[in-house]
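These notes are about the structure you will find just below.
Values in this text are rule-based calculations from the coordinates and carry no lab data. This is a predicted model, so every value here is computed, not measured. All Cβ positions, even for glycine, are placed from backbone atoms using ideal geometry, and neighbour counts span all protein chains on display.
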Amino acid sequence: MKTVTIEIRRGEARDAAAISGVHRAAWRQAYAGLIPHRPLIQMIERRNEAWWRKAAGGPATLLVLDVAGTIAGYATLGLNRARALPQEGEVYELYLRPEYQGLGFGRLLFGEAKSLLKSLGCRGLVVWCLEDSLNADRFFRGAGGRDIAEGMEDFEGRSLRKIGYVWD
């Protein structure tokens, strides 16, 4: 019988190509039809391997989900950027390759991100997602997030509402 390893660890520069691939696949699946095509492709192309190599050493913490040697997802986290909210931590991004979604890996990665923020002394956290991203909405509500804030994101003249979910 073969044992499959599942590890959540800090992302490193050597993971940049794999993280870029996760980003590309996850964003195409999550945002096609929500974010206009041109700005979506521009955002995906900007987050290339070089960008992720630099991000691995940047101020935000980068976690990767490694399933049997394959980077299946990532999360970025740090201090809350929305000064009007009292929560001190923020999960900036949480994405999985489409073929790894719906299997519980997102809950594992999110749980590790929450634990890490708590261990760093952050009281509470916030996560933002587009209101029309039904999978993200379902995920964060299912994880116990309370919908308490909203904002707007502009994509080439098209404004989309975003929702802030919090955990105290």
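Could you check the range 153-168 and list, in sequence order, the residues that are closer than 18 Å to Asn80 by Cβ and either in contact with a Phe, Trp or Tyr (Cβ under 8 Å, 6 or more places away or on another chain) or of a type in the set (A, V, I, L, M) (or both)?
Lys162, Ile163, Gly164, Tyr165, Val166
Residues in the range 28-72 that are under 13 Å from Ala13 (Cα atoms), in a loop (DSSP other than H, G, I, E, B) and in contact (Cβ under 8 Å) with a residue 12 or more places away in the chain: Asn48, Ala56, Gly57.
Just one of (1) farther than 26 Å from Ile6 by Cβ; (2) among the charged types (D, E, K, R); (3) more than 15 Å from the chain's Cα centre (by Cα) fails for Lys162. It is (3).
To keep it simple, each residue is scored yes or no on (1) surrounded by 14 or more Cβ atoms within 10 Å (Cβ to Cβ); (2) within 16 Å of Ala30 (Cα to Cα); (3) of a type in the set (D, E, K, R); (4) touching a Leu at 6+ places or on another chain (Cβ under 8 Å).
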site: Gly104; (1), (2), (3), (4): no, no, no, no
site: Phe110; (1), (2), (3), (4): yes, no, no, yes
site: Leu116; (1), (2), (3), (4): yes, no, no, yes
site: Val126; (1), (2), (3), (4): yes, no, no, yes
site: Gly145; (1), (2), (3), (4): yes, no, no, no
site: Leu160; (1), (2), (3), (4): yes, yes, no, yes
site: Gly164; (1), (2), (3), (4): yes, no, no, yes
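The numbered conditions (1) of a type outside the set (A, V, I, L, M, F, W, C); (2) free of Cβ contacts under 8 Å to residues at least 40 places away in the same chain; (3) assigned to a loop (DSSP other than H, G, I, E, B); (4) within 17 Å of Ala60 (Cβ to Cβ) are all true for Lys118 except (3). Pairing residues of the range 86-103 that are more than 18 Å from Cys122 (Cα to Cα) with residues that are surrounded by fewer than 16 Cβ atoms within 10 Å (Cβ to Cβ), at Cβ distances under 6 Å and at least 6 apart in sequence or on separate chains, gives Pro98/Gln29. Scanning the range 132-161 for residues that are part of a strand (DSSP E or B) and farther than 17 Å from Pro39 by Cα gives Arg146, Asp147, Ile148, Ala149, Glu150, Gly151. Considering only the range 1-27, state which residues are in a loop (DSSP other than H, G, I, E, B) and under 22 Å from Pro59 (Cα atoms). Selection gives Gly11, Glu12. Only one entry in Glu131, Glu150 is among the acidic types (Asp, Glu) and within 20 Å of Pro86 (Cβ to Cβ), namely Glu150.
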